Amino acid sequence: MQTTIVIPCYNEAKRLNGEAFKDYADKNPDVSFLFVNDGSKDNTIDVLKDLCEGESRLQYMDLERNGGKAEAVRLGMLHAAENTDSEYIGFWDADLATPLFEIGNFLREMQRGDYSIVTGLRLKRLGNGVCRKALRHYLGRCFATAAAVGLQLPVYDTQCGAKLYKASIVPTLFATPFITRWLFDVELLARYKKIYSIEKALTDIYEYPLLEWKEVTGSQIKMRDFIKGPYELLKIINHYR
């Protein structure tokens, strides 16, 4: 069973840990990575070319214009669905806040429950290695609660950057551009619910509690994006009624 993980990249030249991806691919021959350069202004594309050279399971796409993470993920997911034989396709943050070893755990959960979507849950609890800044944690909890109420789905963590999908649903779920730039994670839940029904959303989507997650400096998400969050959330809820 082949799996492709899409890695959106914007100005990641200095912090992309290429060796980590190479090492994981070497040890896990059923997993491939597709890096999507989202019109970076630095030399990210050169880094990706060097990283992928001679590596059959490390590929890259080059988007000349910056369209935002949502569009980079969408185009990468569609490319993987159209050009690979993967049974599962997901996306992962380039900074590896969620470590790559969690991919295997996502796959096990996907197969165990025959889920359509497995999404990461950053829940700090005894015995795990989830480390988040307090302010971002509490802002995230407020937003996730609002999203859960608006979507009528008991989702705990909408914004974790690690998610895995059955390849069969990707062409439909990612077919059209998102209406929001940063909250596409929420929009994907709203789309799934509208396309497949709330009953299937409640049973076919699983939030997997991560064993490890560490906040990495250099995030493209700024405080102004948190401020815009309520407006963007309302836009999603109204659009997918």
- Item | Over the range 32-87, volume per residue of the alpha carbon convex hull, in Å³ | 74 Å³
- When DSSP assigns beta bridges and you keep just the ones with both residues in the range 3-239, what percent turn out antiparallel, to the nearest 5? 20 percent
- Query: Roughly speaking, what is the centre-to-centre gap between the range 143-182 and the range 57-73 when only Cα atoms are used, to the nearest Å?
  - Reply: 19 Å
- Message: Strictly greater than 25 Å: what percent of every Cα pair in the range 1-126 meets that?
- Response: 21 percent
- Query: Counting only complete DSSP H runs, which helices of the chain cover 18 Å or more along their long axis at the Cα atoms and score a mean Kyte-Doolittle of 0.5 or above?
  - Reply: 134-151
- Message: At most 13 other C-beta atoms within 10 Å and a DSSP loop state: those are the exposed GluC sites (Glu not before Pro) I care about. Give me the longest piece of the chain that has none.
- Response: 65-241
- Note on the structure: Listed by chain and number, the residues whose amide H is under 5 Å from that of Y60, excluding neighbours fewer than 5 places away on the same chain and using placed H, are F35
- Note on the structure: In vacuo Debye sum over C-alpha of the chain, base-10 log of normalised intensity I(q)/I(0) at q = 0.13, 0.18 Å⁻¹, listed in q order, is -0.77, -1.63
- Message: Can you give me the long-range amide H partners of E212? Hydrogens built in the peptide plane at 1.01 Å from N, cutoff under 5 Å, separation of 5 or more residues or another chain.
- Response: G129
- Treating only the Cβ atoms of Lys and Arg (+1) and Asp and Glu (-1) as charged, compute the dipole magnitude of the range 3-239 about its Cα centre; round to the nearest 20 debye. 1120 debye
- Note on the structure: With the 8 Å Cα cutoff and a minimum separation of six or more residues, the range 77-211 has a relative contact order in percent of 40 percent
- Item | Along each principal axis, Cα extent of the range 68-183, largest first, Å | 41, 33, 28
- Message: I'd like the trypsin sites (Lys or Arg not before Pro) in the range 59-148 restricted to DSSP loop residues with at most 14 other Cβ atoms within 10 Å, sorted by number.
- Response: R65, K124, R125, K133
- Projected label distance in nm at R181 and D23, using a 7 Å step from Cα toward the beta-carbon: 3.5 nm
- Note on the structure: Projecting the Cα atoms of S32, G68, V47 onto the charge dipole of the range 31-82, where Lys and Arg contribute +1 and Asp and Glu -1 at Cβ, the residue farthest towards the positive end is G68
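Throughout, read-outs are computed from the coordinates displayed, never taken from laboratory work. In this text the structure is predicted, and so the values were computed from the model without any measurement. Note that each Cβ is placed from the backbone with ideal geometry, even for glycine, and that neighbours are counted across all protein chains shown.
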